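Read the structure below first, then the notes.
The values are calculated or read from the model by the stated rules, or taken from the named source; none is laboratory data. Here the structure is a predicted model, which is why all the values come from computation and not from measurement. A quick note on method: Cβ atoms are made from the backbone with ideal geometry, for glycine too, and the neighbour counts reach across all protein chains shown.
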Amino acid sequence: MSGHPSASLRLPEAVSGLYGAGAVAELVGLRRALHADPELSLQEERTCARLQRTLDELGVEGVARVAGTGVVGRIPGRDRKAPPVAVRGDIDALPIQEDTGLPFASRNEGVMHACGHDVHASWTVAAARLLRDDPAAGDVLIVLQPAEETGEGATAVLSTGVLDDVAAIFGAHVDLTFEIGQAMIQPGAVGAAADRFEVELRGKGAHGARPHQGLDPIVGAAQVVSALQTVVSRRMPPDQPAVVTVGAIEAGTAHNVIPDRAVLKGTMRSLDPAIRKSLADEVRHVAESVAAACRLEARVRMLQGTPAVLNDRRAAAWASDAAATVIGAESVKPLPVANMGGEDFAFYLERIPGCFIRVGARHPGDPVVGAHTPYFAPAEEAIFVGGALLAAAARRASAELAGWRGPKPR
Ligand code: NI
């Protein structure tokens, strides 16, 4: 294997036996090909074609496009009357200029797999391979989903009906907070509702030297930003995670001109549905009230995004038990802090019991590099851990749902 890109991989012993040398090289090759040719949400044409070809070559049944640029296929189970389960990986990239210096870095200007969806697509293919070689009780649907980053893909897949019969669903995300060989699995919230707000403050323009002749939306915007800091600190219960962030302010054109409007854009994150509603209510109330005190008109728009990612209790227990058989119980843990990131897997979990796993993707000693940055580079060993965890979770869930007795499958 010397000379091949996969030769330097340090696979955890527990998973290295599951994949032949040929499979390891193919999966690393797939990941690097996807990484070098990233495509934005709902434009994943070449990605989709490559993944479709790959699943066809693996002998996956009924491989077809779904939801525009997604792919779905079916791996027959041992008992075709058992309820099917699904494994989902996302496939889209981000509008970021890559700066990792990797030999297989993005060739596409301004587009990068900066969230690891190239790894997710590859570990979903890895899971398909493992499930083909050692099938679950029932069928397993393989779903390669487009447009996770825009929050559109999961609902698009659900609306096609391909998951209507599915009794459990599993997905995962690389996480560089954790090392290779670790997995974070727990029931309940593992990702936040991610809603947006926009506040337009309308005042009256004036000369910068004569502010009393106008109604200054910039001073109003500054006060709204400050007052919004009290929404979480004064209005939310202290044991409930919540975030309000203003990420953009647009106003003004020159140092001596008071503009007539200012626009604030922000995000609200929460884990609990009641907190989600009160965040939106309080942000609106603060923006409108502070604007009124400044004699400004506030137009507040709330844009609902993905809901919180809520793992089903039983599905999380199955995934956790299955993961323990693969990487050892000591490597399977709950999240150490609440994850306030959003993920459109949440939409599946509203309809289908399931579990979303966070998979360690950093070599010991390496720095933690955040997703959605130009330097994001998950360790490729994660492909093989993620594939093994997803296949094991699918087998375990399938066996439980089919009512199989006897030793639990890996
Ligand atoms: Ni992501």
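Worth pointing out:
- VAL337 meets each of the listed conditions (1) of a type outside the set (D, E, K, R); (2) closer than 15 Å to ASP175 by Cβ; (3) in contact (Cβ under 8 Å) with a residue 12 or more places away in the chain apart from (3).
- Those residues of region 142-156 which are within 16 Å of ARG74 (Cβ to Cβ) and either surrounded by fewer than 24 Cβ atoms within 10 Å (Cβ to Cβ) or within 16 Å of the ligand (Cβ to nearest atom) (or both), in sequence order: VAL143, LEU144, GLN145
- Selection count, region 309-332, where residues are away from the ligand (no atom under 16 Å from the Cβ), crowded, with 17+ Cβ neighbours inside 10 Å and not in a helix (DSSP H, G or I): 4
- Check on THR54, of a type in the set (Ser, Thr, Tyr) and either surrounded by fewer than 22 Cβ atoms within 10 Å (Cβ to Cβ) or assigned to a loop (DSSP other than H, G, I, E, B) (or both): no
- Taking region 57-80 as the range and being over 24 Å from GLY403 (Cα atoms), among the hydrophobic types (A, V, I, L, M, F, W, C) and surrounded by 16 or more Cβ atoms within 10 Å (Cβ to Cβ) as the test, the residues that pass are LEU58, VAL60, VAL63, VAL66, ALA67, VAL71, VAL72.
- Tabulated pairs, region 98-117, first over 12 Å from ALA377 (Cβ atoms), second modelled with pLDDT under 95 and within 16 Å of the ligand (Cβ to nearest atom), C-beta under 6 angstrom, 6+ apart or interchain: none
- Selection status of PHE178, surrounded by fewer than 24 Cβ atoms within 10 Å (Cβ to Cβ), within 16 Å of the ligand (Cβ to nearest atom) and not in a helix (DSSP H, G or I): yes
- The set of residues in region 89-107 being within 12 Å of the ligand (Cβ to nearest atom) and among the charged types (D, E, K, R) consists of ASP90, ASP92.
- Taking first residues from region 366-380 that are more than 14 Å from the ligand (Cβ to nearest atom) and partners that are modelled with pLDDT of 95 or more and small (Gly, Ala, Ser), the Cβ contacts under 6 Å between residues at least 6 apart in sequence or on separate chains come to ALA379/ALA361.
- Contact annotation: residue pairs with Cβ atoms under 6 Å, 6 or more positions apart or on different chains, pairing a residue in region 173-187 that is more than 23 Å from TYR375 (Cβ to Cβ) with a partner that is in a loop (DSSP other than H, G, I, E, B) and more than 15 Å from the ligand (Cβ to nearest atom), are GLN186/PRO334.
- Selected residue [within 16 Å of the ligand (Cβ to nearest atom), touching a residue at least 12 places away in the same chain (Cβ under 8 Å) and crowded, with 16+ Cβ neighbours inside 10 Å] from VAL162, VAL190, VAL166: VAL190
- Single residue of region 108-117 satisfying the filter (more than 12 Å from the chain's Cα centre (by Cα) and within 13 Å of the ligand (Cβ to nearest atom)) that is surrounded by the fewest Cβ atoms within 10 Å (Cβ to Cβ): MET112
- Of note, LEU30 does not satisfy the criterion of being within 20 Å of the chain's Cα centre (by Cα) and either among the hydrophobic types (A, V, I, L, M, F, W, C) or on the phi > 0 side of the Ramachandran plot (or both).
- Selection status of GLY360, within 16 Å of the ligand (Cβ to nearest atom) and closer than 27 Å to GLU26 by Cβ: yes
- Considering residues of region 131-140 that are surrounded by fewer than 24 Cβ atoms within 10 Å (Cβ to Cβ) and in contact (Cβ under 8 Å) with a residue 12 or more places away in the chain only, the residue nearest to the ligand (Cβ to nearest atom): ARG132
- Being out of contact with any Ser or Thr (no Cβ under 9 Å at 6 or more places or on another chain), within 16 Å of the ligand (Cβ to nearest atom) and at pLDDT 95 or above is not true of VAL263.
- Lone unmet requirement of (1) over 23 Å from THR150 (Cα atoms); (2) within 16 Å of the ligand (Cβ to nearest atom); (3) of a type outside the set (Asp, Glu) for GLY20: (2)
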